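All remarks here apply to the structure that follows.
The values are calculated or read from the model by the stated rules, or taken from the named source; none is laboratory data. Everything quoted here is computed from the prediction, not taken from an experiment. So basically every Cβ, Gly included, is an ideal-geometry build from the backbone, and we count neighbours across all protein chains shown.
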Amino acid sequence: MSSISSVSGYSGYSPYSVIANGGTYVSAAQGASELAMQERTKQQVGGLEAGSENLTSARSAVRVQDGAMEEVTGYLQSIRELSVKAMNGTNSDSDKKAIQDQIDQYKKGIEDIANNTTYNEKKLLNGSAKDMVVASDANGSSETVSGYNMTLDALGIKDYDVTGDFNLDDIDKALDKLTSSRTDAGARTNGIEYAHGYNTHAALELNGFQMDKEEDNSINAYQQLKTKQVLDLYQATLQNKKQKDEEEKAIKLMA
């Protein structure tokens, strides 16, 4: 290719420009349809890459949610175990009070998680975050990160107290609500992972297609340039021969 770069008189010729730009078209004069296709490919790749960044953030947010809900699950299961212990007629009032003190600590842990689980300053588990829609590509596709409510009020156990009348079903209902939320979050995670994987594969395919096109463009431009060089050389040879013939003819006339 260095020999082409050294050829003078072709810097304004479009094949030369294509070669100099690595097979990339930079103006419609070099090929309007090819340039349009090239720009569409770049737009698609750009949209997929931007969508992948969005999906990466969405995936992180859902993982934060699920990790926090797993901790809440642990707290609820511990509360249930303590509740079963409290369902013992041989317990004294002080025994039940000690059990309730431990339950209150777990309830505080749940409330702290609900109020402090955040991603990019958005609280994810206290009911304040609405559905967060993220664009997954440049064509309008999207994935959604849902906000959940794991506060004691939402779980129905704010006033749960084993020192008086209590119902173990309240804890089971809270666990059911939590399981449902985690199942929903898992489904959304699967959707996000699929979209992210598709974007990655599609972007690689499009980039590979573009690289193949650029290689073809370079080869075609090289062939066009060499053809022009041969034609120019042939034309120059004809002009030199014509000039020489005219000079010889003039000399004969003067003799």
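Does E143 qualify as being of a type in the set (D, E) and assigned to a strand (DSSP E or B)? Against the criterion (of a type in the set (D, E) and assigned to a strand (DSSP E or B)), E143 qualifies.
Exactly one residue among L55, L48, L82 is over 44 Å from the mean Cα position of the chain (by Cα), assigned to a helix (DSSP H, G or I) and either surrounded by 14 or more Cβ atoms within 10 Å (Cβ to Cβ) or modelled with pLDDT under 95 (or both), and that residue is L82. Note on region 120-140: residues that are within 18 Å of A195 (Cβ to Cβ) and surrounded by 14 or more Cβ atoms within 10 Å (Cβ to Cβ) total 6.
If only residues of region 159-191 that are closer than 17 Å to S146 by Cα and of a type in the set (A, V, I, L, M, F, W, C) are counted, the one that is modelled with the highest pLDDT is L178. With respect to the conditions (1) modelled with pLDDT of 70 or more; (2) surrounded by 15 or more Cβ atoms within 10 Å (Cβ to Cβ); (3) within 30 Å of E143 (Cβ to Cβ), Y194 lacks only one, and its number is (2). There is no residue in region 209-222 that is at pLDDT 70 or above and not basic (K, R). The set of residues from region 156-188 being within 30 Å of T56 (Cα to Cα) and of a type outside the set (S, T, Y) comprises L175, D176, K177, L178, R182, D184, A185, G186, A187, R188.
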